[in-house]
Amino acid sequence: MALIETKELTKIYELGWKKRVVGLNRVNLQIEEGEIFGILGPNGSGKTTCLKLLLGVLFPTSGEALIMGKGPLDVEMKKNVGFLPENPYYYDYLTGPELLKFYGRLFDLAPETIRKRTGELLELVGLNDAKRLALRHYSKGMLERIGLAASLINDPKILVLDEPTTGLDPIGCKETRDLLLRLNQEGKTILLSSHFLSEVERVCSRIAIFHRGNLIELGTLKDLLVQYEASTLEDLFVKSIEKFDQQHPA
Amino acid sequence: MKKIWVIAQNTFHESLRKRTLYIVLVFGLVVIGASKFFSFLTAQEELKMIQDVSFSAIEFFGALIAIFGALGAISSEIEKRTIYTLLSKPITRYHFVIGKFVGQILILLVNFLLLCLFFVGLLLFKKSVPNIEIFKALFLIFVELLLISSITLALATFTSDAFNIIFSFFLYIVGHLTSYGRQLIERTENIILKGLGDMLYTIVPNYENFAIRDKVVVGVPVSWQYVGKTVSYGLIYIVIAILIGIYCFQKREV
Ligand SMILES: Nc1ncnc2c1ncn2[C@@H]1O[C@H](COP(=O)(O)OP(=O)(O)OP(=O)(O)O)[C@@H](O)[C@H]1O
Ligand SMILES: [Mg+2]
């Protein structure tokens, strides 16, 4: 059984009378344990929509989203998941450690566990010096970093990250990349979306390309490069989008 | 249960640090304090005045805190998108709604107790020991504040802030006038109007039920039975409001 699965997952945003936007159109995905799976796609292609559907923030118009065989509202399932939303924003009056403590308590973690992990995670994301700073004084990249730490507070089996390196400096990007690879070696399954092709190239075992709400390509980077006779991921990205647009004119 | 408490604490924590509610609190304290400056009154009249003004101030400023607190508790999570992360944690949506309400209870309790403390202090300063009737009146005001809070919280799960504020204040005013409305209805001949009026009268909470201060100020005792009945009346509305809030929030996409 796939660890993360979508079956004909569809989301149509109803924006009032006769106005609707297709967010996601009949997407079938299967992500196996131990993968680092990357979702690529132009702006507005449905990446965030797909991740939100998996976490139960949005409800599907039709189809199914499953993690560990469970629907998005299953509380037990969520104990095994860490989520970093796009452009994360947190309670701005809290400090980093307070934020991690709040989330840790929602996972029913023991106070010692929370304290220990908070120390480790702040170190890990390089926010040790900002311990006493309220989050409203954080920079964009710092918020991204604390968000990553927060998504790891429960030592999850599954990590869902929406553009985890947007806003990070080059060193932060590299550190995050290394971190993801290490977490993956420790056995975590990672699903991420990204606009940074080089990052996806380096960490992802398989990729999916979304366009206009459709899943247009899916596979290992190697296979897809061969299939499109492309030399780089960028080349592949552009070609796959063009091909889809030719076949499905708006 | 524990998750509800964790969310409640976080909500409480937030409001302590945000300080917007402090302004309302300070206004309330100022108004109560000002009531003692009517020195042209006789001592007896002055005491009545202090009680009258204080009850009204506690109720009114309490209502402001209840409405703006409950509104912010839900809508700030959605506006600032903190809700995405929160809902990805192992909580259900009813944990969220109930947790937010419990948080509001804590906030109201603290603000209410501060106002009451100031009021009682003022009475003691005027050498008047508050009797049990005064505490009955305060207690019913607190239940009324919880009710106001629960209604705004329920509305916040499915309406916009602007509508919520307008509707909450509208209810607050109408809820104080239902007895007058009742009299009007009884006089009308129009059956449709009468039916509509009767329906409104049944649905809209009658906030005047909680206002026993007029009696207390002039020294007319209120029975415990009445207090008990009114508390149950309030609790029923609160439970219904919270259930509606949970139901609507479960359907809501954030
Ligand atoms: N809350 C919403 N209401 C209405 N339409 C929405 C909403 N959220 C997303 N959409 C629409 O759904 C489509 C997919 O949006 P989505 O946010 O999933 O894109 P994305 O791939 O994450 O884009 P980006 O790379 O910019 O983050 C877009 O056309 C967008 O306009
Ligand atoms: Mg997105």
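The values are calculated or read from the model by the stated rules, or taken from the named source; none is laboratory data. Remember, predicted model here, so these are calculated numbers, not experimental data. Positions of Cβ are generated from backbone atoms using ideal geometry, with glycine treated the same way; all protein chains shown enter the neighbour counts. Quick note on the areas: whole protein, heavy atoms, side chains included, nothing else; ligands and nucleic acids left out. Shrake-Rupley method; radii C 1.70, N 1.55, O 1.52, S 1.80 Å.
Assorted remarks:
- Counting Cβ atoms of other protein chains within 10 Å of each residue's Cβ and taking the mean over peptide A:84-93 gives 5.
- Under 14 Å from a label point set 7 Å out along the Cα-to-Cβ vector of B:K48, the amide N atoms of the stretch B:189-229 belong to B:214-220.
- Order of exposure, largest accessible area first, which applies to A:W17, B:W224 with probe 1.4 Å: A:W17, B:W224
- Probe 1.4 Å - accessible area at B:H95, Å² to nearest ten: 20
- Among the protein heavy atoms of the stretch B:2-251, carbon and sulfur supply 73% of the accessible surface, probe 1.4 Å, non-protein parts ignored.
- Ranking by accessible area, most exposed first, for A:K131, A:K52 with a 1.4 Å probe: A:K131, A:K52
- Per residue accessible area in Å² of chain A, where ligands, DNA and RNA are left out and the probe is 1.4 Å: 45
- log₁₀ of I(q)/I(0) at q = 0.09 Å⁻¹ - the stretch B:108-254, Debye sum with one point per alpha carbon: -0.37
- Structure-based [θ]222 nm, chain B - -39500 (n - 2.57) summed over DSSP H runs of at least 4, per residue, nearest 500: -28500 deg cm²/dmol
- Max mean-square fluctuation residue, GNM over chain A, Cα-Cα springs under 10 Å, options A:I153, A:I216, A:I171: A:I171
- Shape call, the stretch A:150-194: gyration tensor on alpha carbons, a/c limit 1.5: prolate
- A 1.4 Å probe, protein heavy atoms only, puts the accessible area of A:M142 near 50 Å².
- For the protein assembly as shown: rounded, prolate or oblate by the Cα gyration tensor [a/c cutoff 1.5]: prolate
- Mean partner shielding of peptide A:69-79, defined as the number of other chain Cβ atoms within 10 Å of each residue Cβ, is 2.
- Residues of the stretch A:94-112 that bury at least 20 Å² of accessible area when the other protein chains are present, relative to the chain alone (probe 1.4 Å, heavy atoms, ligands and nucleic acids excluded): A:L94, A:E98, A:F102, A:Y103, A:R105, A:L106, A:F107, A:D108.
- Qualifying trypsin sites (Lys or Arg not before Pro) for the stretch B:2-82 [loop in DSSP, other Cβ within 10 Å: at most 16]: B:R19, B:K80
- Think of the stretch B:2-251 as having a plus end and a minus end, set by charges on the Cβ of Lys, Arg, Asp and Glu; of B:L235, B:G219, B:S54, B:L235 sits farthest toward the positive end of this dipole.
- Size of the B/A contact, given as accessible area buried on both chains, probe 1.4 Å, in Å²: 2900
- Scaling the Cα radius of gyration of the stretch B:1-125 by the globular reference 2.2 N^0.38 Å produces a ratio of 1.32.
- Averaged over the residues of A:136-144, the number of partner chain Cβ atoms lying within 10 Å of the residue Cβ comes to 0.
- Per-residue [θ]222 nm for chain A (sum of -39500 (n - 2.57) over DSSP H runs n ≥ 4, rounded to 500): -11500 deg cm²/dmol
- Folded to 0 to 90 degrees: helix A:111-124 orientation relative to chain A principal axis, Cα: 60
- The Cα atoms of the stretch B:2-251 give a gyration tensor whose axes a ≥ b ≥ c have a/c of 1.5 or more with a/b no greater than b/c, which makes the shape oblate.
- Mean Kyte hydropathy of 1.0 or more with a Cα span along the axis of at least 30 Å, helices from DSSP in chain B: B:93-125, B:132-156, B:224-251
- Expressed as a whole percent, the accessible area of the stretch A:1-126 that falls on carbon and sulfur atoms is 51 (1.4 Å probe).
- Taking every protein chain into account, the accessible area of the stretch B:97-207 amounts to 49 square angstrom per residue (probe 1.4 Å).
- Gaussian network model of chain B, springs between alpha carbon atoms under 10 Å - residue of B:F96, B:F139, B:F37 with greatest fluctuation: B:F37
- Computed accessible area, A:E186, all protein chains, 1.4 angstrom probe, square angstrom: 120
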